[in-house]
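Rule-based calculations on the coordinates, nothing more; no lab input. These figures come from a predicted structure and were not determined experimentally. Note that each Cβ is placed from the backbone with ideal geometry, even for glycine, and that neighbours are counted across all protein chains shown.
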Amino acid sequence: MQKQSLVVGLICTMLHFWGFAQQVPTASELPFRAGEWFEFRIHYGWFNASYATLKLSNDTLNQQPVLHAAGIGKTTGLARLFFRVDDYYDTYFDPKTVLPRKFLRNIDEGGYTKNTEIHFDHQKGIAHVNDKKKKLEEDFDIRPTTQDLMSAFYYLRTFYPQEGLAVGESYALDMFFDKENYVFKLKFLGTESLRTKFGLVSCLKFRPIVQAGRVFREEESVTLWVSNDQNRIPIRLQADLAVGSIKADLNNFSYLKYPFQLQIE
């Protein structure tokens with residue numbers, strides 16, 4: 001059963017909102033700051049299946065300042081009795097280019113375990129993968145602006161197109177995950193107001209193009225809603241799976257850089 005794993009990964013990527021040219025940009029001002037924290041509540045059917053959190057902090061790597069994002073996903077309550085999930089994700093990225101330098105994935109999903117560390121050398125175009133479980137180290141070629149599963153969230157919040165999002169247009173982003181390069185595509189569907197526990201939130205709506213078959217019903221079975229403000233934070237993710245559906249909602253947050261915008265009802 002990989003449903004919880006799938007959504008924890010999607011929460012950590014919540015994310016792949018917009019794509020653009022392959023030059024490496026430099027951020028003049030980040031739309032987030034150290035101390036930012038999110039909690040997401042994940043539902044599968046009537047189960048409150050799990051929670052996922054994402055926290056950003058200042059750190060150093062090889063004596064260089066970096067931003068460190070730590071993601072945790074765990075099943076709770078009855079769902080934990082049926083399928084135990086303990087997932088930990090970390091990314092360390094450059095605070096100017098928002099390119100990843102190091103990515104860690106340590107997961108235990110119902111007995112399925114993985115412990116991987118990836119070091120990114122963007123100058124050489126190489127991702128060095130250390131599979132700690134298999135005690136295997138390998139190098140892979142990557143593209144100039146390649147992101148990991150988590151750094152993409154911050155990269156796209158920083159360098160998203162300020163204007164000109166065309167309804168129905170598809171966007172793309174280079175990703176490296178699980179020893180493979182991906183071009184992650186998604187389609188902009190327009191704006192929509194969502195009723196949340198915080199109030200009415202204006203959102204940008206996106207549809208990632210996923211692989212149909214074993215997990216998803218169709219290629220366009222996942223929908224993302226992102227706050228239509230300066231923060232660009234994930235508000236909701238909904239996925240139609242091969243069996244049932246799953247939904248993740250923003251449950252709590254703290255220390256946003258900009259005020260959280262609510263619509264007047």
TODO: With r as the distance between the Cβ atoms of L165 and Q64 and R0 = 41 Å, compute the FRET efficiency 1/(1 + (r/R0)^6) and round to 0.05.
DONE: 0.75
Task: Order of T158, T113 under a 10 Å beta carbon neighbour criterion, fewest first - done: T113, T158
Task: Label-point gap, in nm, between Y182 and L136 - each point 7 angstrom along Cα→Cβ - done: 2.0
Open item on the list: Let's see if you can work this out: charge +1 on each Lys and Arg Cβ, -1 on each Asp and Glu Cβ, no other charges. What is the dipole magnitude of the range 80-197 about its Cα centre, in debye to the nearest 20?
Closed with: 360
Open item on the list: Order these by the 10 Å Cβ neighbour count, fewest first: Y51, Y92, Y258, Y112.
Closed with: Y112, Y258, Y51, Y92
TODO: Holding the Cα-Cα limit at 31 Å, pick out from K96/K197; K74/K179; K134/K247 the pairs that are longer than that.
DONE: K96/K197; K134/K247
- [ ] Please list 54-66, 93-105, 175-187 highest first by mean number of surrounding beta-carbon atoms within 10 Å per residue.
- [x] 93-105, 175-187, 54-66
Open item on the list: Neighbour counts of other C-beta atoms within 10 Å: give me E29, E36 arranged from fewest to most.
Closed with: E29, E36
